[in-house]
Amino acid sequence: MTIAWTVYITFAGAIAALLLPRTFSRWIALLTAGAGFAISLYALFGRDFELAHFNTIVQVPWVPALGMNYHLAVDGISLTLVLVTSITAVSSVLFSWDVTERPNEFFFWLLLVVSGSFGVFLSADLFLLFVFYELVIVPKYFLIAIWGSTNKEYGAMKLTLYSFFGGALVFIGIIAAYVNGGSLDLNQLAQFQFDPQLQRWAFPILFLGFAVLAGIWPLHTWAPTGHVAAPTAGSMLLAGIVMKLGAYGGLRVAMNLFPQGFQIWRNWIAVLAVIGIVYAAAVALRQRDLKFVIGYSSVSHMGFVLLGLATANVLGVSGAVLQMFSHGVIGALLFAVAGRMIYRRTHTRDLDDLSLMELNRALPFAAFVFVVASAASMGIPGFSGFAAEIIILIGVWKTYPLAVWITGAGMVLVAAFTLRALKQSFFGTEADARVKNVKRVTMLNEATPPITFAEKLGAGLLIFTTIAVGVYPKLLLDRIQPAVEAMRFLKAGG
Amino acid sequence: MSYLELLKLASPEAIVTLTALLILAIGVATGRGTVVAGVSPAKPREGAAGKAASTLICTLAAAVGLITAIAAIVMLPPKADLFPGMLVISPLDSLFNVICLVLALLTILIAPRETPNYGEYIAIILLATVGLLLLVSSEELLMIFIGLELTGLSLYLLTAFDKSDIRSAEAGLKYFLFGSTASAFTLFGLSLVYGMAGSTGLAVIAERLNTQALSPLLFAGLVMTLVGFAFKVAAAPFHFWAPDAYQGAPVSSAAFIASGSKVASFVVLGKIMLVGFRPIQGSADWHAMVAGWSPALAVLAAFSILIGNLVALVQSNLRRLLAYSAVAHAGYTLLGLVAGGREGFSATLFYTTIYAFTLLGAFGVVALVRRETGGDDLQNFAGLSARSPLLAGCMAVFLLSLAGLPPLAGFFGKFYLFSVAFGAGANHGLLWLVVVALFGSLISLYYYLIVLKLIFQTPNVEKFGASPIGHSALSRVTIALAAAVVLCLGLAPQFLVARILAALP
């Protein structure tokens, strides 16, 4: 089946970008990412396979001595995440069209992240999944440490060590499943009855290991610093793809293999998720760096994903998957505006400085995109964020009514910090300047480079996606829901 | 048994020995420069061209000899046993003899040919290789000790070979003093074991020990034997020689100490423990420790992992850093033996093999950078990617494999080791050791990334000039080969795992 080619093409593209002359690398990257996008769209509409179960695409023995297989499979959940990965990949290539410093290495690492993520979403073998999962760590480090900005070495190292720490926890959980279940095949293990005593300790280790990447409170602190330090494409990949890896792993591996452990611990996950939503939103309210605001908003939005997973009902979990998709698109869009459209032109992300620059008149297109992205992020109906969050909250209402109230308060905070960031970055007024007793530095008169075609294209793609899914979420939900219903933790729960 | 037959079965060792003698003769015949300690080497008597020709002949002769020896191993009968246990031919021994020979060959290829007295240098490497072959292919304590000594003495010489460098002399002396003390302990331990079991053959020892309880005397013998091997594989707290030897020795000597010598030591350590001392394995399970060699090795492993990784964090010299990371890796490798059994031994053998190739390649890069920039501190590697993308890429492969990241061999090796250790014992009793090892890996990622950051990031290449590192095609090919091995064994570990598992009884 075609969708496996997303992995191969992206790997091949990464190597081609590294080895061929520099002038071609961005075109190779765009072609590769575009091919991945086309393939996943074809898979979405092609309907040439059934998406309700985790259906095998490829299965080849890899290390028969230890029972490892090269085994790829796909269902509605995987497909949704492959789609968001490819969309983010295309737009992040477009938003790094101006990378001139060692472009071939840059696109090599970027495509490695993308291909590793495709691999994670499609793996049906625990070892293979872990290989892809760990494969993503190092490229992130180099992307940030070499091409990053503010405090890049600290951010890169922190991100990498957190990821690796999470990976170590995952590793223990995976070995526990492997040694006790006697297999590495996810579909076989999903049938296996693990000892409840084992599930009690293996589930939290495994889930927490994955959740580190999903930005679970209090292990989320890598996310803001990492996002801020990363180059634009890096932040887009982190928000759009990498944080989803964690949530996906938690769902596909931890919850599906250890349903009883999940039942024991899910209240705690819900508590952490709610704290994450409210806490991150409150912190975002006080940030001065625009990227920090968006970084914390990512943590807050991912809190919804974790909350949805913790509900253990079809609506909540489906909503969580939809939210992964939605946040992937919206987060990427926000970072694109902050990192590429604003920072590359003004060389500052400080909200106080930006408020003096009359950016809404200097960069009207950027202002338009940021308004749309903010609206989507706040959960205005018509955008994908609203569709996902409302489904999650309906699901949560069934299990944790109290959490809905607290989360509702959290959503007000989200709206508050988003509006604050929007106003200060683009719509600073004469009054602000007078209060602060400084002169307005308009960007109008300076030679501000106009928004390029590549940027418009990338932003257009992301905006179109979030509106399309917001208006017609059924497109994805029809594919997600049957796959969620097939998972066994729903049956084990009550 | 006729001598002819004996010679046939011992042909690999014989071929390597003859090659060593031949090269020694060539080296002596083609003018050795007189060297005074502390002074740069005097000019050779012939012109540079003559010297280059003679070193080339030495390299070629060594390569031909080693390849012939590999061919001889392939042609040996699959199973034979000379003088019960003294010289054994089995699939496992043949496999690791081949690996040791390949490692020796790669070491010779990365050795800089400007080394004074190049012929002697190569001859000593070959003699050490003979020691490794004997070590691997014997199941008898006396022969094992002879193998240990032959390897050890050659390696002491190799360490101290650079007479113009005082650090090399210091390293050699330190290595020698530690090594001979450890050998004395081992010999004493072996004699105690012999006294208790009445034989030096591993199979017989296992049989005799079956009927004995673990007496204090036997335990003393066991621990003393372990001391010698812990020294050989540089496990903490017997690792103090390693940083100095790795840093001070000529780079290719250090590479051989870290690769060939280590592989052979792990093979023979595994044999002694899992064959000879099988009845007194004990158990290292948490809350259920049973006295024996398994808990002793577990403690060594835990110490090595923690000390190696923590001390490596603060090193500013790459070779010293690699030495401390070698201590940590000895700890990981011991995990398989602690777990015991066929699976455990197989995991240990796989890991030590890929580790040897990784470190050989890493030292190869160090050698080239050192020749170009005059040192091997971390700063000397700054901006390497701008000067030589190939070397930088290979170094990234080696270091990331050491850190245990996919798709490199180190990742699979660690997965294999840790899953075996986790599965061994009742009720996951070795989980504590796996957690220590994972924690150690987490620490190690930090210092490997610091090195890689310097290599790939720092833009101030002006300090050492932006000139590409050149004129060493052979070394570069060898390094690329090692990197390819590390990558391929990561992508297709089945290639080696299946062979090891098939060779293990």
Calculated [θ] (222 nm, deg cm²/dmol) that DSSP helices of n ≥ 4 give over chain B, each run adding -39,500 (n - 2.57): -24000 deg cm²/dmol
Let me check I have the definition right: for chain B, take the eigenvalues of the Cα gyration tensor, multiply each by 5, take square roots. What are those semi-axes in whole Å, largest first? 35, 28, 20
Here the convex hull volume per residue of chain A, taken over Cα atoms and given in Å³, is 123 Å³
Show me, bin by bin at 5 Å from 0, the whole-percent P(r) of region B:281-505 based on Cα pairs. 1, 8, 15, 18, 17, 14, 10, 7, 5, 3, 1, 0
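So, R0 is 45 Å and r is the distance between the beta-carbons of B:A492 and A:T429; what FRET efficiency does that work out to, to 0.05? It would help to have the intermediate numbers written out before the result.
On the way: r = 64 Å, r/R0 = 1.42.
Efficiency computed from Cβ-Cβ geometry: 0.10.
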Could you please rank B:C488, B:C394, B:C100, placing first whichever residue has the fewest other Cβ atoms within 10 Å of its Cβ? B:C488, B:C394, B:C100
When only alpha-carbon atoms count, how far does the protein assembly as shown stretch along each of its three principal axes, as whole angstroms with the largest first? 96, 67, 50
Proxy exposure order for B:S11, A:S374, A:S297 (fewest C-beta within 10 Å first) is B:S11, A:S374, A:S297
Got a sec to turn the phi values of region A:297-303 into Karplus ³J(HN,Hα) couplings, 6.51 cos²θ - 1.76 cosθ + 1.60 with θ = phi - 60°, whole Hz, x for Gly and Pro? 5, 4, 4, 4, 5, 5, x
Compactness ratio of region B:113-249: Cα Rg over 2.2 N^0.38 Å, N = residue count? 1.20
Once label points are set 7 Å from the Cα along Cα→Cβ at both A:A12 and A:Q59, what is their separation, rounded to one decimal in nm? 2.6 nm
Hey, what do the phi angles of region B:437-450 turn into as Karplus ³J(HN,Hα) couplings, whole Hz, using 6.51/-1.76/1.60 and θ = phi - 60°, x for Gly and Pro? 5, 5, 4, x, 4, 4, 4, 5, 4, 4, 6, 5, 5, 4
Cα gyration tensor of region A:379-434, axes a ≥ b ≥ c as square roots of the eigenvalues: rounded (a/c below 1.5), prolate (a/b > b/c) or oblate? oblate
A:E153, B:E139 arranged by Cβ crowding within 10 Å, fewest neighbours leading: A:E153, B:E139
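Calculate, in nm to one decimal, what B:R371 and B:E207 gain on full extension: separation in residues at 0.36 nm each, minus their alpha carbon distance. It would help to have the intermediate numbers written out before the result.
On the way: separation 164, 0.36 × 164 = 59.04 nm, distance 5.39 nm.
My answer for the length gained is 53.6 nm.
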Specify the longest stretch of chain B that does not include any exposed loop site, a site being one of the trypsin sites (Lys or Arg not before Pro) with a non-H, G, I, E, B DSSP assignment and at most 12 other Cβ atoms within 10 Å. B:80-505
Measure off 7 Å from each Cα along the Cα-to-Cβ vector at A:N267 and B:Y446, then give the distance between these two points in nanometres to one decimal. 3.7 nm
If you only keep lysine pairs separated by 8 or more in sequence, or across chains, how many in chain B come under 20 Å at the Cα atoms? 13
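Using the Cα gyration tensor of region A:224-267, with a ≥ b ≥ c the square roots of its eigenvalues, what is the shape: rounded (a/c below 1.5), prolate (a/b larger than b/c) or oblate (neither)?
Values: a/c = 5.88, a/b = 2.86, b/c = 2.05.
Taking the square roots of the gyration eigenvalues as a ≥ b ≥ c, region A:224-267 is prolate.
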Post the alpha-carbon centroid distance, region A:69-100 to region A:387-430, in whole angstrom. 27 Å
Ignoring the sites themselves, what is the longest stretch of chain A with no trypsin sites (Lys or Arg not before Pro) in a DSSP loop and at most 11 other beta-carbon atoms within 10 Å? A:48-285
Computed ³J(HN,Hα) along region B:118-135: with the Karplus parameters 6.51/-1.76/1.60, θ = phi - 60°, integer Hz and x for glycine or proline, the list is 4, x, 4, 4, 5, 4, 5, 4, 5, 5, 4, 4, 4, x, 4, 4, 5, 4
Inter-site label distance for B:A71 and A:R344 at 7 Å from Cα along Cβ, in nm: 6.1 nm
List the extent of the Cα atoms of region B:38-161 along each of their three principal axes, largest first, rounded to whole Å. 52, 30, 19
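Let me have the 222 nm mean residue ellipticity of chain A computed from DSSP H runs of 4+ only, each contributing -39500 (n - 2.57), with the sum over all residues rounded to the nearest 500. Don't jump to the answer; show the numbers that get you there.
Values: 24 runs with 353 residues, N = 494.
After summing the helix terms and dividing by residue count, I get -23500 deg cm²/dmol.
Bear in mind these aren't lab numbers, they're just calculated from the coordinates by the rules spelled out. Bear in mind the structure is a predicted one, so any value in this text is a computation, not a measurement. Positions of Cβ are generated from backbone atoms using ideal geometry, with glycine treated the same way; all protein chains shown enter the neighbour counts.
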